[in-house]
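The values are calculated or read from the model by the stated rules, or taken from the named source; none is laboratory data. Being a predicted model, the structure only gives us computed values, none of them experimental. Cβ placement follows ideal geometry from the backbone for every residue including glycine, while neighbour counts extend to all protein chains displayed. For the accessible areas, the whole protein counts, side chains as well, though only heavy atoms, and no ligand, DNA or RNA atoms are used. Shrake-Rupley method; radii C 1.70, N 1.55, O 1.52, S 1.80 Å.
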Amino acid sequence: MTIIDKTADVPAPRGSTENSGPLLDVRDLHVEFKTRDGVVKAVNGVNYSVAAGETLAVLGESGSGKSVTAQAIMGILDMPPGRIPQGEILFRGEDMLTMGYEERRKIRGQKIAMIFQDALSSLNPVLTVGYQLAEMFRVHQGLSKKDAKAKAIELMDRVRIPAAKERVNDYPHQFSGGMRQRIMIAMALALEPDLIIADEPTTALDVTVQAQVMDLLAELQREYNMGLILITHDLGVVADVADKIAVMYAGRIVETAPVHELYKRPAHPYTRGLLDSIPRLDQKGQELYAIKGLPPNLLKIPSGCAFNPRCPKAQDICRTDVPLLADVTEQDGGELPGRGSACHFWKEQIHG
Ligand SMILES: Nc1ncnc2c1ncn2[C@@H]1O[C@H](COP(=O)(O)OP(=O)(O)OP(=O)(O)O)[C@@H](O)[C@H]1O
Ligand code: SF4
Ligand SMILES: [Mg+2]
């Protein structure tokens, strides 16, 4: 079954001039894990794309396959038990799943960088941050020790680490959580990649620090004209920074849309549920909506629409037929570029 990529139709945002096609184009990607209990179908036909200068937010509850998709793109899946039975991951039009090892290594090491949630476990605790940053320049660009250190300080300044020159010889544990996450951003930026994948980059931080780190990431992404895939389960975080959103459920994309349209008029009951679960200042004191039930067991995904056991709009067809990601249009048939919904009843959801 092929699902059409709606996100590819979203107009490219400011700054994305050099490329006619997308930077990264994930097509019909499937990932499964062989476990003692059976085959876990973690990713079941994901399609998304991101252009230079563009931010795609990937959203969905825990276990929906956001990180596994990112790991497949980065080539860091545990294989085995992981397996990619189907799909393509095109970087500038070339499939990374079939290209030679050397070619793939160059792209994944230098053109695509990743930022993880937990900086402390991603940085080496026994090496100074300056050393770890400088090492990037020494290994990849052949710089001398002195020049690499100067570049490390420059980068620490760039991500606004106060007194970078004095702190370059400090160890990761000597920095606060927010500062460590800035160092992770610096590491990701060091080789000026074309694409950054940030997997819950601010989840472990205090709310105020979260906003600062997210603003910094968005600013650098614009300045360097990079593509950014921002993985999160927090709809509140993405409104200001993303251009478009892909909502995942049980390893599939269930809705795609330019960011502000998704907030204004969701076309899938799951997205509606996620939006209704965001705390709002004008609803203080009222009980917060929560989507009932739990995400499905990926060893036994429900037949038909995977969301049907939790969906307030479910009907008989939902229990038998898998809804494909279809074009979402205006009531009069007018186009809504980049909009797609995998719900049999998207019309009622968006126009009802
Ligand atoms: N190495 C593995 N072996 C078996 N199952 C795995 C493995 N890695 C991931 N999975 C399963 O794949 C599914 C998708 O996981 P994934 O980490 O992509 O979720 P996620 O959307 O990133 O969730 P979260 O918001 O919690 O980070 C989960 O059910 C997870 O248990
Ligand atoms: S297809 Fe049916 S169960 Fe699935 S989201 Fe739409 S209405 Fe709900
Ligand atoms: Mg994850």
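Is it fair to say Val31 is part of a strand (DSSP E or B), within 16 Å of ligand 3 (Cβ to nearest atom) and crowded, with 21+ Cβ neighbours inside 10 Å? Show your work before the answer.
Details: part of a strand (DSSP E or B): yes; within 16 Å of ligand 3 (Cβ to nearest atom): yes; crowded, with 21+ Cβ neighbours inside 10 Å: yes.
Against the criterion (part of a strand (DSSP E or B), within 16 Å of ligand 3 (Cβ to nearest atom) and crowded, with 21+ Cβ neighbours inside 10 Å), Val31 qualifies.
Tell me, please, whether a residue that is in a helix (DSSP H, G or I) and open to solvent by less than 40 Å² (accessible area, probe 1.4 Å) can be found in segment 140-147.
The initial filter retains those residues of segment 140-147 that are in a helix (DSSP H, G or I), namely 140-141, 145-147.
Narrowing the set further to residues that are open to solvent by less than 40 Å² (accessible area, probe 1.4 Å) leaves none.
No, segment 140-147 contains no residue that is in a helix (DSSP H, G or I) and open to solvent by less than 40 Å² (accessible area, probe 1.4 Å).
Within segment 115-131, the set of residues being open to solvent by 20 Å² or more (accessible area, probe 1.4 Å) and within 22 Å of Leu220 (Cβ to Cβ) comprises Phe116, Gln117, Asp118, Leu120, Ser122. For segment 312-325, the condition of being at pLDDT 95 or above, crowded, with 22+ Cβ neighbours inside 10 Å and more than 24 Å from the chain's Cα centre (by Cα) holds for at least one residue. Among the residues of segment 161-198, those that are over 24 Å from the mean Cα position of the chain (by Cα) and either under 20 Å from Ile231 (Cβ atoms) or charged (D, E, K, R) (or both) comprise Lys165, Glu166, Arg167, Asp170. Each residue in segment 179-201 was checked for being in contact with a helix residue (DSSP H, G or I) (Cβ under 7 Å, 6 or more places away or on another chain) and surrounded by fewer than 19 Cβ atoms within 10 Å (Cβ to Cβ), and 1 pass. Out of all the residues in segment 203-216, which are within 15 Å of Ala242 (Cα to Cα) and either open to solvent by 10 Å² or more (accessible area, probe 1.4 Å) or without any contact (Cβ under 8 Å) to a residue 24 or more places away in the chain (or both)? Within segment 203-216, Ala211, Met214, Asp215 qualify.
Answer yes or no as to whether Leu155 is modelled with pLDDT of 90 or more and part of a helix (DSSP H, G or I). Outline the logic, then answer.
On the way: modelled with pLDDT of 90 or more: yes; part of a helix (DSSP H, G or I): yes.
Criteria met by Leu155.
Of the residues that make up segment 213-230, is at least one touching a helix residue (DSSP H, G or I) at 6+ places or on another chain (Cβ under 8 Å) and either within 16 Å of ligand 2 (Cβ to nearest atom) or of a type in the set (D, E, K, R) (or both)? Within segment 213-230, none of the residues are touching a helix residue (DSSP H, G or I) at 6+ places or on another chain (Cβ under 8 Å) and either within 16 Å of ligand 2 (Cβ to nearest atom) or of a type in the set (D, E, K, R) (or both). Please go through segment 56-89 and pick out each residue that is closer than 17 Å to Leu298 by Cα, open to solvent by less than 60 Å² (accessible area, probe 1.4 Å) and under 15 Å from the mean Cα position of the chain (by Cα). Gly60, Glu61, Gly63, Ser64, Gly65, Lys66, Ser67, Val68, Thr69, listed by residue number. Considering segment 54-95, the residues that are under 22 Å from Gly236 (Cα atoms) and part of a strand (DSSP E or B) include one that is farthest from ligand 2 (Cβ to nearest atom), namely Thr55.
Can you tell me which residue within segment 34-55, out of those that are of a type in the set (A, V, I, L, M) and within 9 Å of ligand 1 (Cβ to nearest atom), is most open to solvent (accessible area, probe 1.4 Å)? Even if it seems obvious, please write down each step before you answer.
Taking segment 34-55 first, the residues of a type in the set (A, V, I, L, M) are 39-40, 42-43, 46, 50-52.
Restricting the remaining residues to those that are within 9 Å of ligand 1 (Cβ to nearest atom) gives 40, 42-43.
On the way: Val40: 33, Ala42: 7, Val43: 1 Å².
Across segment 34-55, the extreme among qualifying residues is Val40.
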